[in-house]
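Comments concern the structure below.
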Amino acid sequence: MNNRTHLSISRNFILAAIVSTQAFGGMTAHAESPSEMEDMRREVRQLRQQVQLLRAAISEAADFDYQKAAALSRALKAVPPAPEPVATKPREEAAEKPAAAPTPVAAPTPVASAPAAASTSKSGRRSSEANKRSQEAPQALGTVHGKVSVPKGEPIAYVYVENVSAPPVKEQRVIQQVGKKFVPAWAVVQRGTSISFPNKDNIYHNVFSLSSGNSFDLGLYNSAGEAKSYTFNEAGEVEIYCNIHPQMAASTLVVPNRLYAKVKPDGTFEIAGVPVGKRKIVGWAPGSRLTATWVEVDAGDAAQVEIKLEPKASGHTNKSGQQYGSY
């Protein structure tokens with residue numbers, strides 16, 4: 001039962017009570033005995049108490065209805081208004097509507113100096129076609145061969161072409177430290193190669209190099225330590241030493257490309273596939289100074305060179321540029 005129904009019933013009951021009270025008031029005048037009179041008065045008093053209680057209940061119900069109506073009004077004000085519906089056209093109408101015609105593009109205005117423009121255009125086309133033919137055509141190659149005079153006692157010798165660029169490689173090599181020596185004592189690697197230097201001795205070694213472009217210092221470690229390595233990113237000769245033991249020495253040749261060859265026992269060599277042009281040819285041996293010469297390489301032809309290697313000066317300093325102490 002809701003509040004309004006309860007309120008309606010309460011009001012009806014009050015009216016009935018008032019009428020009954022008035023009726024009882026009229027009946028008291030016709031009461032037959034004092035006892036009947038007292039009973040009627042008692043009932044009237046009870047009815048009046050019930051009327052007061054019902055009036056209080058009606059007031060509370062009315063106040064509750066007012067609070068409920070006020071809360072509902074505040075809630076309705078807080079709700080944003082619903083957006084107006086957007087009129088949309090049926091899909092069939094949109095499909096039937098023809099697409100807008102594209103805007104015509106204006107033709108380019110002709111240049112006043114047509115002959116000069118035509119000449120420039122033809123020259124540009126000729127240059128572009130020439131570049132395209134040069135790119136499509138195979139690169140002209142030649143061969144370099146000759147003889148190298150190698151000092152007595154050199155274990156090996158190599159010759160390479162210096163001024164031909166090539167990307168670095170990602171190769172791995174190893175030079176061990178065994179019995180206070182570098183094994184092997186020399187190496188030829190291409191630019192970008194990493195060389196690892198494991199120490200097989202129980203004693204400490206300190207591998208380093210002061211060579212230009214490839215200077216490094218691997219620090220102290222023995223056989224219990226992890227092998228350290230260095231990546232050689234510059235072409236040229238690299239002299240490698242130990243900072244503790246002066247007798248430990250190794251020489252590494254870092255070549256800039258794959259255009260290199262080992263010198264045969266009779267001193268001759270040959271390098272094929274050399275791009276045409278003026279080329280710098282360099283000779284190397286572990287105990288000799290780098291020696292270079294220039295030669296013109298023609299397509300399909302063999303260029304002849306002769307190189308004489310000279311021994312290096314003996315002795316070297318430690319990584320601080322000072323003489324070794326006794327050890």
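Residue by residue through the stretch 210-261, note down the ones that are more than 30 Å from Ala292 (Cβ to Cβ) and among the aromatic types (Phe, Trp, Tyr). Tyr221 - this is the single residue of the stretch 210-261 that is more than 30 Å from Ala292 (Cβ to Cβ) and among the aromatic types (Phe, Trp, Tyr). For the residues Phe216, Phe182, the requirement of being under 31 Å from the mean Cα position of the chain (by Cα), crowded, with 16+ Cβ neighbours inside 10 Å and either not assigned by TED's automatic domain parsing to the domain that holds Val276 or not β-branched (Val, Ile, Thr) (or both) singles out Phe216.
Yes/no per residue for (1) assigned to a strand (DSSP E or B); (2) within 45 Å of the chain's Cα centre (by Cα):
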{"residue": "Ala250", "(1), (2)": "yes, yes"}
{"residue": "Leu253", "(1), (2)": "yes, yes"}
{"residue": "Ala261", "(1), (2)": "yes, yes"}
{"residue": "Lys264", "(1), (2)": "no, no"}
{"residue": "Phe269", "(1), (2)": "yes, no"}
{"residue": "Val274", "(1), (2)": "yes, yes"}
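In the stretch 182-230, counting only strands (runs of 3 or more DSSP E) that sit wholly within it, the ones holding 3 or more residues that are within 25 Å of Asn163 (Cα to Cα) and not β-branched (Val, Ile, Thr) span 186-190.
Criterion first (among the hydrophobic types (A, V, I, L, M, F, W, C), more than 22 Å from Lys312 (Cα to Cα) and surrounded by fewer than 21 Cβ atoms within 10 Å (Cβ to Cβ)) does Leu210 satisfy it? So Leu210 fails the test.
Residues are listed down the side, and each one gets a yes or a no for (1) buried (at least 17 other Cβ atoms within 10 Å of the Cβ); (2) touching a helix residue (DSSP H, G or I) at 6+ places or on another chain (Cβ under 9 Å); (3) in a loop (DSSP other than H, G, I, E, B); (4) without any contact (Cβ under 8 Å) to a residue 40 or more places away in the chain:
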position: Arg279; (1), (2), (3), (4): yes, no, no, no
position: Gly283; (1), (2), (3), (4): yes, no, no, no
position: Trp294; (1), (2), (3), (4): no, no, no, yes
position: Ala299; (1), (2), (3), (4): no, no, yes, no
position: Gln304; (1), (2), (3), (4): no, no, no, no
position: Lys319; (1), (2), (3), (4): no, no, yes, no
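Pairs please, first residue from the stretch 171-185 and closer than 16 Å to Asn243 by Cα, second anywhere and exposed (fewer than 15 other Cβ atoms within 10 Å of the Cβ), Cβ atoms under 6 Å, 6+ apart in sequence or on different chains. Short answer, once both residue conditions are applied: Gln176/Val183; Gln176/Lys200; Val178/Lys200.
Among the candidates Glu226, Glu239, Glu234, which residue alone is free of Cβ contacts under 8 Å to residues at least 12 places away in the same chain and either on the phi > 0 side of the Ramachandran plot or assigned by TED's automatic domain parsing to the domain that holds Ser212 (or both)?
Matching residue, one of Glu226, Glu239, Glu234: Glu226.
The values are calculated or read from the model by the stated rules, or taken from the named source; none is laboratory data. Quantities reported herein were computed from a predicted structural model and do not represent experimental measurements. Ideal geometry is used to build each Cβ from the backbone, glycine not excepted, and the neighbour counts take in all protein chains shown.
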